[in-house]
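The values are calculated or read from the model by the stated rules, or taken from the named source; none is laboratory data. Everything numeric here is computed off the predicted structure, so don't read it as measured data. Reconstructed Cβ throughout: ideal geometry from the backbone, glycine too, with neighbour counts over all protein chains shown.
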Amino acid sequence: MAGIDLHFHSRASDGALTPTEVIDRAAAREAKPELLALTDHDCTAGQEEAAAAASRHGIAFLNGVEVSVTWGRHTVHILGLGIDPEHAALADGLRRIREGRLERARQMGDSLAKIGIEGCFEGAMRWCDNPEMISRTHFARHLVDSGAVKDVRAVFRKYMTPGKPGYVAHEWAGLEDAVGWIVSSGGMAVIAHPGRYDMGRTLIERLILDFKAAGGQGIEVASGSHSLDDMHKFALHADRHELFASSGSDFHAPGEGGRDVGYTESLPPICRPIWQALEARILRPQA
Ligand code: AMP
Ligand code: MN
Ligand code: MN
Ligand code: MN
């Protein structure tokens, strides 16, 4: 939806810009956005700063987060939109997820060292402001910067996806827990970029049913990670399962591929936009 972007990252997780910089970048687009939500992974540290920046630009804002979830043998991402970052159950849940990241990153460094690529843990940490938020993206930036691999995409393909030498399996939050924290804090839960999961139709349907049973109500239809075919496919899933549709760029960093921040394509007309259901949670700039 032109002017609406409800999924992007800052340096509080694995984005390259500060919360202020990423909102400034969105605001500087030729068509100023109407509504933005910052959705850092497992962390709400950037919300206050981003909300203040949006307000300065006269742009409406939703507090957001992208929660890492383990569902069966799959990692899925669940967005929380319109959350209350201070809510105790949500804040505790996110803190527990973050706790596992540092040890996982050490193991990733060790396993890359075994194939002769030394120093990656320390290298990745130099790209990360907050050690408990260390992620595969920081490893990827280090490997590109050190000249070992040509770009971030190639790092994931060669080293950091299941079965590859730098990949370390990890147990994230449960689906029911993640959706529960989001909903109890006053937000709505959204299945992020469903087109990216390695799941056929039957599994996607099962994920949607489990997600709905836990209290989830939305799915990303327009996404920087989706092709046009994906967008139409998930618009039909949303319609069939009576889910609200969301739109987000999933922007991380200038020049790292994917969509820029502050804009997503219009949702297909059968969709019910989730922001209409979140009206009461939208922070409007003071006149
Ligand atoms: P982590 O939470 O540490 O597992 O890192 C996940 C992050 O890695 C995602 O949020 C994306 O930003 C990034 N990522 C995952 N897969 C890819 C890929 N194939 N290409 C580029 N970035 C990716
Ligand atoms: Mn990311
Ligand atoms: Mn994601
Ligand atoms: Mn994301």
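Residues in the range 114-133: is at least one assigned to a helix (DSSP H, G or I) and within 27 Å of Pro273 (Cβ to Cβ)? Full working, then the answer.
As a first pass, look at the range 114-133 and keep what is assigned to a helix (DSSP H, G or I): 114, 120-125, 131-133.
Checking the rest, the ones that are also within 27 Å of Pro273 (Cβ to Cβ) come to none.
No: the range 114-133 contains no residue that is assigned to a helix (DSSP H, G or I) and within 27 Å of Pro273 (Cβ to Cβ).
Could you grab me the full set of residues in the range 13-35 that are more than 16 Å from ligand 1 (Cβ to nearest atom) and either of a type in the set (Asp, Glu) or in a strand (DSSP E or B) (or both)? Spell out the reasoning first.
Of all residues in the range 13-35, those more than 16 Å from ligand 1 (Cβ to nearest atom) come to 18-21, 23-35.
Scanning the range 13-35 gives Glu21, Asp24, Glu30, Glu34, Leu35.
Which of the following residues is within 14 Å of ligand 1 (Cβ to nearest atom), assigned to a loop (DSSP other than H, G, I, E, B) and crowded, with 18+ Cβ neighbours inside 10 Å: Ser68, Ser10?
Working: Ser68 fails: assigned to a loop (DSSP other than H, G, I, E, B).
Going through Ser68, Ser10 in turn, the sole match is Ser10.
So Gly109 ticks every box in (1) assigned to a helix (DSSP H, G or I); (2) within 20 Å of the chain's Cα centre (by Cα) but one. Which box is left unticked?
The number of the failed condition is (2).
Does Val155 satisfy the condition of being within 16 Å of ligand 2 (Cβ to nearest atom), touching a residue at least 12 places away in the same chain (Cβ under 8 Å) and surrounded by 14 or more Cβ atoms within 10 Å (Cβ to Cβ)?
Working: within 16 Å of ligand 2 (Cβ to nearest atom): yes; touching a residue at least 12 places away in the same chain (Cβ under 8 Å): yes; surrounded by 14 or more Cβ atoms within 10 Å (Cβ to Cβ): yes.
Taking the combined requirement at face value, the residue satisfies it.
Pairs needed: first member in the range 264-279, closer than 21 Å to Phe61 by Cβ; second member anywhere, surrounded by 21 or more Cβ atoms within 10 Å (Cβ to Cβ) and of a type in the set (Asp, Glu); C-beta distance under 7 Å; at least 6 residues apart or different chains.
Going by the 7 Å Cβ cut-off, the qualifying pairs are Thr264/Asp5.
Kindly indicate the residue of the range 224-270 that is hydrophobic (A, V, I, L, M, F, W, C) and exposed (fewer than 15 other Cβ atoms within 10 Å of the Cβ) and also farthest from Gly195 (Cα to Cα) among those meeting that condition. Spell out how you get there, then give the answer.
Restricting attention to the range 224-270, the residues satisfying the condition of being hydrophobic (A, V, I, L, M, F, W, C) are 228, 231, 234-236, 238, 243-245, 251, 253, 261, 267, 270.
This time we only want the ones that are exposed (fewer than 15 other Cβ atoms within 10 Å of the Cβ), so: 228, 236, 270.
Values: Leu228: 11, Leu236: 13, Ile270: 19 Å.
The extreme case among them is Ile270.
Of all residues in the range 231-265, which are at pLDDT 95 or above and either over 20 Å from Glu66 (Cβ atoms) or part of a helix (DSSP H, G or I) (or both)? Please lay out each step first, then the result.
Start the filter on the range 231-265 by keeping residues that are at pLDDT 95 or above, which leaves 231-254, 260-262.
Residues satisfying the conditions are Met231, His232, Lys233, Phe234, Ala235, Leu236, His237, Ala238, Asp239, Arg240, His241, Glu242.
Does the range 36-48 include one or more residues that are within 16 Å of ligand 4 (Cβ to nearest atom), surrounded by fewer than 24 Cβ atoms within 10 Å (Cβ to Cβ), assigned to a strand (DSSP E or B) and touching a residue at least 24 places away in the same chain (Cβ under 8 Å)?
For the range 36-48, residues within 16 Å of ligand 4 (Cβ to nearest atom), surrounded by fewer than 24 Cβ atoms within 10 Å (Cβ to Cβ), assigned to a strand (DSSP E or B) and touching a residue at least 24 places away in the same chain (Cβ under 8 Å): present.
So which pairs qualify, if the first residue must be in the range 246-261 and away from ligand 2 (no atom under 12 Å from the Cβ) and of a type in the set (Asp, Glu), the second must be in a loop (DSSP other than H, G, I, E, B) and modelled with pLDDT of 90 or more, the Cβ gap must be under 7 Å, and the two must be at least 6 apart or on different chains?
Short answer, once both residue conditions are applied: Asp260/Ser249.
Of all residues in the range 134-152, which are part of a loop (DSSP other than H, G, I, E, B) and either free of Cβ contacts under 8 Å to residues at least 60 places away in the same chain or over 13 Å from Cys120 (Cα atoms) (or both)? I'd like the intermediate steps shown before the answer.
Kept after step one, since they are part of a loop (DSSP other than H, G, I, E, B), are these residues of the range 134-152: 134-135, 146-151.
If the condition is that a residue be part of a loop (DSSP other than H, G, I, E, B) and either free of Cβ contacts under 8 Å to residues at least 60 places away in the same chain or over 13 Å from Cys120 (Cα atoms) (or both), then Ile134, Ser146, Gly147, Ala148, Val149, Lys150, Asp151 are the ones that fit.
Just one of (1) in a helix (DSSP H, G or I); (2) within 16 Å of ligand 2 (Cβ to nearest atom) trips up Val183, so point out which.
The number of the failed condition is (2).
Mind listing just one residue for me: the one in the range 158-196 that is hydrophobic (A, V, I, L, M, F, W, C) and over 18 Å from the mean Cα position of the chain (by Cα) and, of those, surrounded by the most Cβ atoms within 10 Å (Cβ to Cβ)?
Start the filter on the range 158-196 by keeping residues that are hydrophobic (A, V, I, L, M, F, W, C), which leaves 160, 168-169, 172-173, 175, 178-179, 181-183, 188-192.
Then keep just the ones that are over 18 Å from the mean Cα position of the chain (by Cα); that gives 168-169.
Details: Val168: 15, Ala169: 10.
Ranking the qualifying residues of the range 158-196, first place goes to Val168.
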